Structure formats: structure tokens, C-alpha cells
Amino acid sequence: MKIGILGAGDIARGVAKYALEQGHEVLLCNQSGPAKLAPIIAALGPGAAAASRAEVAAAEVVLLAVPWESVREALSGLPPWNGRILIDATNPFLNPQHLNVLDDIGDRISSQIVAQLAPGARLVKAFNTMFASKLAEGPRPRAGTRRVLFVSGDDEPAKATVSNLIESFGFATIDLGNLAVGGRMQQAKTAPLAGPDFLLPD
């Protein structure tokens, strides 16, 4: 597949690395421009390339992995999504360095806000509950176990595509249902699923 990644932080680079290992093509963009992206692309190696936001968003699967304050800008002014898959890896932290400070979004679910900013996308929530350090460590912290990534979304085929991609990386997946239920279970600081290092036996 061609996988677009909006963002170039730790989660973005971790997912890009696993995707490249599985033979996918990866397009990345960031807020800082191509000069800062060049060493990241070089480190990722063959199959990775820098692209514009529009080119990244045109991929068949797109990962949104930017700070919460940058979500609106990252998704604004893009061509119609037309049913392409958008993986939402964001959390509503006001400051990524202070994970106890969340944006006041009331009783809403952050992924539903993201979905409103990307009309026509088939949104799947994933990669937001695992710390980037655990993602980088790999799917198998010890023999006979796999790290768990949770997924939720309102489109079953889109969830299946994302789950199969994650499983191909070596991780286990657990489907939490739709965004109204599963998205809330994945929401940072409001549910016990965000943060702990969950393992399943192989």
C-alpha cells in the first residue's frame, strides 16, 4: 500500500518504520518543512519520501500523528477524502510534554472532532494508547507475548484494514467497537486503556 503520514514525530516514525519493513511505500509531511524532514527520510531509508499535505492525504491509508493543537491545520484545505482511511493517533493534550493537561472538549470524543474535520474519511482510532517508546521497542517484549494496540471506528472494513496492517507489524489488536464506545475507551486520561503496556499470549 501507499501510506501517508501527517506528522513526523515519534509515533509517525515508528509506524513508518514498520510499514516500510512490510514493503509499503510511505509518504511523510510535517509542519517544519522539507529541511527538517530530510534526515528523517534518510534514516527511514528506501520506500520513504517527503510529500505535500495534499499528496500525503491522497494515499489509500493516512495516519494522523500530529500534536492536538496542529490537528485542525493538518486537516484543513485538503481535497475530498472520498472514503479513504484516516487513522487517528492523536490525543487531546494541550502540551505533549505535559500529559496531565488535556484540552477542554467537554463530553465529546476527540476522534469524533477529528472525523468532523475530515468529512468523507473512514476514521479508525489507533496508535494513541501506546507510548512511542513501547512502539519503538517492538511488538514482542518477551517470548510468547505480543503488545496490544486497540482500534475503534464506525466502518467495519476500514477497521479490518487497519487491524490487518497492525497485525502485520507483529502487534496484537483488540477491536473496541464504534467511536462512540471504543473511542471513549481509548481517550487519553479518561479511560484505563491509554498508557498501560498490555500484552497478549501468542
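The values are calculated or read from the model by the stated rules, or taken from the named source; none is laboratory data. If you're wondering where the values come from, they're calculated on a predicted model, not measured in any experiment. Don't worry about glycine lacking a Cβ; one is built from the backbone with ideal geometry, like all the others, and counts go over all protein chains shown. Ligands, DNA and RNA are excluded from the accessible area calculation, which covers all protein heavy atoms including side chains. Shrake-Rupley method; radii C 1.70, N 1.55, O 1.52, S 1.80 Å.
Here the label points at A43 and D175, each 7 Å from Cα along the C-beta direction, are separated by 3.5 nm in the simple model.
Entry comment: accessible area of the stretch 1-46 is 47 Å² per residue, from protein heavy atoms only and a probe of 1.4 Å. When the chain is treated as a Gaussian network with alpha carbon springs shorter than 10 Å, the biggest mean-square fluctuation among R146, R108, R13 belongs to R108.
Send over a whole-number figure in Å² for the accessible area per residue of the stretch 99-202, probe 1.4 Å.
46
Spin-label pair N82-R108: with each label point 7 Å from Cα along the Cα-Cβ axis, the two points sit 2.8 nm from one another.
Cα convex hull, the stretch 81-184: 109 Å³ per residue, rounded to a whole number.
Roughly speaking, to the nearest percent, how much of the stretch 17-156's 1.4 Å accessible area is carbon and sulfur? About 52 percent, which is the carbon plus sulfur part of the accessible surface. On the principal axes of its alpha-carbon atoms, the chain has extents of 42, 38, 35 Å, going from largest to smallest. Note: relative contact order over the stretch 1-109, using C-alpha pairs below 8 Å and six or more positions apart, is 27 percent. Rg and Dmax, both from the Cα atoms of the stretch 12-126 and both in Å, are 14.4, 43.
From helices alone, the chain scores -8000 deg cm²/dmol at 222 nm; the rule is -39500 (n - 2.57) for each run of n ≥ 4 DSSP H residues, then divide by the residue total.
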